[in-house]
1. Given the structure, is B:G65 open to solvent by 30 Å² or more (accessible area, probe 1.4 Å) and in contact with a strand residue (DSSP E or B) (Cβ under 6 Å, 6 or more places away or on another chain)?
2. Quick one: in the stretch A:117-139, of everything that is open to solvent by 10 Å² or more (accessible area, probe 1.4 Å) and within 10 Å of chain B (Cβ to nearest Cβ), which residue is farthest from ligand 1 (Cβ to nearest atom)?
3. Check A:V41 against each of (1) of a type outside the set (K, R); (2) assigned to a strand (DSSP E or B); (3) surrounded by fewer than 20 Cβ atoms within 10 Å (Cβ to Cβ) and name the one condition it does not meet.
4. Determine whether the stretch A:389-408 contains at least one residue that is more than 18 Å from A:L199 (Cβ to Cβ), surrounded by 14 or more Cβ atoms within 10 Å (Cβ to Cβ) and in contact with a strand residue (DSSP E or B) (Cβ under 7 Å, 6 or more places away or on another chain).
5. Is it the case that some residue within the stretch B:217-236 is at pLDDT 95 or above, surrounded by fewer than 24 Cβ atoms within 10 Å (Cβ to Cβ) and in a helix (DSSP H, G or I)?
6. Scan the stretch B:185-207 for residues that are part of a loop (DSSP other than H, G, I, E, B), within 13 Å of B:A231 (Cα to Cα) and of a type in the set (K, R) and report the count.
7. Go through the residues of the stretch A:146-156 one by one and say whether even a single one is more than 30 Å from A:V24 (Cα to Cα) and open to solvent by 10 Å² or more (accessible area, probe 1.4 Å).
8. Quick one: in the stretch A:98-110, of everything that is within 7 Å of another protein chain (Cβ to nearest Cβ) and among the aliphatic types (A, V, I, L, M), which residue is surrounded by the most Cβ atoms within 10 Å (Cβ to Cβ)?
Protein chains: 2
Amino acid sequence: MATQNRAPVLTPQAEDFPRWYQDVLEKAEMADNGPVRGTMVIRPYAYGLWENMQREVDSRIKATGAENVYLPLFIPQSYLEREAEHVEGFSPELAVVTHAGGKELGEPVVVRPTSETVFGEMMAKWVQSHRDLPMRLNQWANVVRWELRPRLFLRTTEFLWQEGHTAHATEADASAYARTIHLDVYRDFLQNALAIPVLTGLKTPRERFAGAVTTMTCEAMMGDGKALQMATSHELGQNFARAFDIGFTDETGQVQTCWTTSWGSSTRMVGGLIMAHGDDQGLRIPPRVAPIQAAVIAVKDDPRTLQVAADLVAELERFGVRARLDDRTSQGFGRRATEWELKGVPLRVEVGPRDLEAGRVTVARRDSGEKTQEPLDTFAEEAPALLSRMHAALIDSSRARLAERTHDVATSEEAFEAAQTGFGRIAWSTLGEDGEADLNRRGVTVRC
Amino acid sequence: MATQNRAPVLTPQAEDFPRWYQDVLEKAEMADNGPVRGTMVIRPYAYGLWENMQREVDSRIKATGAENVYLPLFIPQSYLEREAEHVEGFSPELAVVTHAGGKELGEPVVVRPTSETVFGEMMAKWVQSHRDLPMRLNQWANVVRWELRPRLFLRTTEFLWQEGHTAHATEADASAYARTIHLDVYRDFLQNALAIPVLTGLKTPRERFAGAVTTMTCEAMMGDGKALQMATSHELGQNFARAFDIGFTDETGQVQTCWTTSWGSSTRMVGGLIMAHGDDQGLRIPPRVAPIQAAVIAVKDDPRTLQVAADLVAELERFGVRARLDDRTSQGFGRRATEWELKGVPLRVEVGPRDLEAGRVTVARRDSGEKTQEPLDTFAEEAPALLSRMHAALIDSSRARLAERTHDVATSEEAFEAAQTGFGRIAWSTLGEDGEADLNRRGVTVRC
Ligand SMILES: [Zn+2]
Ligand SMILES: [Zn+2]
């Protein structure tokens, strides 16, 4: 176990979980508050993580046949349902541009809270014939929803996300596609890239997305036993297509209404990853999305040590491991080791003069804290398999926590009790809408 | 040569080049106007192209040691130099949010026209010691500059771009880094990925970026002989660091001011690519960034043809070629061939029953229009080399045009003449600021 002597830099999770979360974002140099309240600056280390997450989600989305597009940031007032007399009439979550080009605009424009309405308008134009179907579109973009109680990554006024919108000729095709996104994109990504086990299921009518016939969700358990919704997929039936007039001419020349889906995930998943895996020593980044998978520390300012450490980084990269050299020998070793631990780098590899004499390196695993000696000449080759075992260990321990803190319950009262430390599982036929309303009043939500 | 009989779908370039540009964007399904004037919808085909371009630029930026960050869309009014009494006092290019959270904001916020000021504030905070230098940051994001005369990709109210900002301990380091970006990122990308030869050089004081000591530019010649600025890199001396108080403590404990650079490129390069390579038949997408490098057309609705075409797509993909199957046999062959030609797909591969009997396919090169018969069993393996030769041919013909339409001139009058059909090259010591002012009055700009 890693047992350096040092003052704790983070508030312990058990003492104050939200405070621990804020501490780790700051100390691990993940994010800062932006100058406008509720906005966020994503620092290089967290943005590198997001880029890896985005690549994993994007490749899964493309594998389902969807293509990316880019729609405008600005949406005309007329696209929004409520025709506001004055801009104060807009929904409080909206940011409204009233002045541009050096003067007041004739019609205010809204900064997109989602691109849903523009997707609707464009798909109505682009879908004409059955030959255009299915139309499967996705967008990576920033969106804005004014936040009065912001929390970095979890609830910010501006956030980064992807939103997918698809149109299909039949209900069956739309339904099957929404399920593919739910399981083969989101659940697969969360489990196989982020090492986060998820509960999948349907939202209750109360929690369902407005306009959706079915909302499928991936819910994860955080380190404090609370739930976080990681991604949702909606079957919209023909509601959305009717509202935007998305229709097609079928093989027989008949005009038909499309069946549509929509689905999304966001930088909130970065917050979820932090809260699902982090511990009192800092982040634990799952290996498959880690910006740095192995930090190689040259312990002493000695030419041979520095050379061997640099060579090891090159060797690790040759085996496909994202490695980083730490040659900051003017700073103490303990301080540097703590920094990599805080940043949750999966492998910390220490190269010191004594190790070299013995032809070995010291390897610390961030998941378990375990430290072992490994032969210098074979370590790089073994590292990819070690990272895979660490992924498996991370999801196994998350699964164990989920199982331990989930209780089968029979009444709304028992469900309330279970929610104090984790999840309660209850049949919807037993709980029902009244039970849900009762739990909601007491601060407990029904997730799926 | 491709000589299908058909009505021209595009305005010929020689007749009206800007109109040709609009036509090709529409017919090749590249982009639409957004619902708010000046904004743009980037359709899947163009967005796939942009993703490939972005990947090429991004990997070159990262190879220089820079890391990506994300800064907020919204900037407080106070960050902007001019303290505007009322929002009409803002620069006309700015879009201003005055209402959010359901009420009027105490201080209006501006939608970023660039993130320069936020980079300045954050770098002042993040740079403390010489150990933090060089700090090399880049951002991919949308920015907004209100446009009264928008043109898709070239001048839009919202556009996508990257902006890099770096801080260095010495002038020499900043200068060398700006040059690396200029040559190893931008020039290399433009020539080796986009097949566009560029003239590189320094902007005149009149054309230089405000606050820059030196502005380096990559200028390309479009199909109509006009110049388009593709990317710029600025040495900012200590001006920017002084304005934002970006300083560091050196090895001796002295506080010093940083030397900074900034540099950017945008979706305007998509417009440049279209205008540099397109012809009267449509786009010609350079192979290395083409979303589809080979379209394999099953000519007839015949099971063997369809199977061979599908197998060929798989085989091409195995050799790293981005291939797409066109099995829309209910549509005429000529119409489909025209579509791929319009979209500028580098290779059009026709698989028909007669070809199959002879064990061959017909291959049409989009760069030259040349059509050849190729053996079915070796074509996929040869395709990557063929695409490389096409890249070389594209840049060679662009170089030839650039040479042919660039004239050495000795006077401002001759420079004006040369600019009517291409570029004029004149020594700055001969032209001078007065000559530049004279040319500007007559609608000619000095590029580098
Ligand atoms: Zn006003
Ligand atoms: Zn008002």
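The values are calculated or read from the model by the stated rules, or taken from the named source; none is laboratory data. From a predicted model like this one, the values you see are computed outputs, not experimental measurements. Here the Cβ positions follow ideal geometry from the backbone for every residue, glycine too, while neighbour counts run over all protein chains shown. For the accessible areas, the whole protein counts, side chains as well, though only heavy atoms, and no ligand, DNA or RNA atoms are used. Shrake-Rupley method; radii C 1.70, N 1.55, O 1.52, S 1.80 Å.
1. yes
2. A:R131
3. Against the list (1) of a type outside the set (K, R); (2) assigned to a strand (DSSP E or B); (3) surrounded by fewer than 20 Cβ atoms within 10 Å (Cβ to Cβ), A:V41 comes up short only on (3).
4. yes
5. no
6. Number of matching residues: 1.
7. no
8. So the residue we want is A:A100.
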